Each structure stands twice: as C-alpha cells, then as structure tokens.
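The values are calculated or read from the model by the stated rules, or taken from the named source; none is laboratory data. Given the structure is predicted, the values throughout are model-derived calculations rather than measurements. Because the Cβ atoms are built from the backbone with ideal geometry, glycine has one as well, and the counts that use them run over all protein chains shown. Remember, those area values only see protein heavy atoms, side chains included, never the ligands or the DNA or RNA. Shrake-Rupley method; radii C 1.70, N 1.55, O 1.52, S 1.80 Å.
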Amino acid sequence: MFESLKRSWNRRSLRDENYGWLFDPYAGDELVVLDTETTGLNPKRDEILSIGAVKVKGDRILTSQSFEMFLKPSRAISTESIKIHHIRPCDLDHAIEPLEGVQKFLEFIGNRPLVGYYLEFDTAMLNRLIKPWLGITLPNRQIEVSGLYFDKKIALIPQGNIDLRFDTILRDLNIPRMGQHNALNDAIMTAMVYIKLQHTIKLH
C-alpha cells in the first residue's frame, strides 16, 4: 500500500511527460544490472564519475547490450578518491555532462527492473541528477543482490553471521573476479552473482 502511494506521488511529480514510460508496468523478461563509480560515499556531496550497466535475460548476460559512460565532475578529483575508483583525470578526457549521461542511461534501462550490489547508494547518486531535471526518483523495481545472498545463507545457517562483502560473495559462489576494477566489470560480476543466486534459490 505504502509503495503504491509512493509510486503514485512520484508519478504526479514528473515534469516531462516524454518520460512517462518509466512508470509503465514492465512486461518483458530483461533486467538491468548497474554499478557506479563515484568521488566518494556521500550522495549529498559526491559525484558520479562513471556508470556501467548490462542487460540480463533469463540466465544470460547480454554483454553486447552493455552501457559504459564517464561523466564530467564539477571539480578536480582528489588523489584519495583515485585510490578507490582508479579513475584518473586522463580517463575523463572524453567524459560527457552529467545530465546528458543520465538521459542516455534512462534510454538504456527503460522501465526494466534494476539489480545491484548496495543498489540503494547507486540509485541515490543517480536520483541526485534525475530529481532536479525530471522532478522524480527512479521508479524502476529494484533488486538487491546482497539481500538475495543473505536470504539464501540465513536459510542454511539461521544463527549465522553473514559476511556480505562483495569479494566474499564472489568467493562463496565460485565467481572469478574480473581483472580491471571499473563500473562495467563490477556490473557484469554482479550480474553473475544474481544469476547464480537465482539458480541456488530454485534448488532450495
């Protein structure tokens, strides 16, 4: 009931009816797995430097339908943040304006459900760009892989202390870590986690 009211309120806040399709019920069988690289972990102050996303259909990762984009920050990125996201100033030479980037991202995701690891943070960062422009927050259904993993593990060890770190989840599910750390590779690894969890959930 609350979710329905929230969605209805969000829909009424939409400033541009050209994006009304974001609120249409999704009838397809694809998901979009996404990840962002940011200047820090504060959605109120930090900025998105890159967005990576890939479509998933059933148990197939559609790597030919992937999305990777670098966004121009409003200020120089600090040495400390480069150590975290490994994005150097030269990597942003062909970066585009954040608003243009988020427009392209919405066209890519459509009204498909979104999947991610600590997705709430990624969507909060994206909403910081979307809200001033469209008046809304992302209405797409959201699926959190750490929540799926927790539910799977807690069913097997009810009193267990579940380690939800990404590397731990990859190891536990026998998923190889892809070499270069970037938003698209992280999205693809998260897609592998999602697919593996769907299989193990069905088995139990």
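So here's what we get for this one:
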item	result
Built amide H within the under 5 Å cut-off of Leu49, gap 5+	Glu37, Thr38, Thr39
Exposed-loop-free span, longest in the chain, where trypsin sites (Lys or Arg not before Pro) count as exposed if DSSP calls them loop and at most 13 other C-beta atoms lie within 10 Å	76-164
Cα gyration tensor shape for the chain, rounded if a/c is under 1.5, else prolate or oblate	oblate
Lysine-lysine proximity count for the chain, Cα under 14 Å, sequence distance 8 or more or distinct chains	6
Kirkwood-type radius of the range 46-149, with distances r between different C-alpha atoms, in Å	15.0
For the range 49-64, 3J(HN,Hα) per residue [Karplus equation, 6.51 cos²θ - 1.76 cosθ + 1.60, θ = phi - 60°, Hz, x = Gly/Pro]	9, 8, 10, x, 8, 9, 8, 10, 10, x, 10, 10, 8, 8, 4, 6
Counting DSSP beta bridges with both ends in the chain, the antiparallel % (nearest 5)	75
Surface accessible to a 1.4 Å probe, per residue, for the residues of the chain, Å²	56
Net dipole in debye of the chain [+1 Lys, Arg Cβ; -1 Asp, Glu Cβ; about Cα centre; nearest 20]	380
Protein accessible area in the chain, 1.4 Å probe - carbon and sulfur %	54
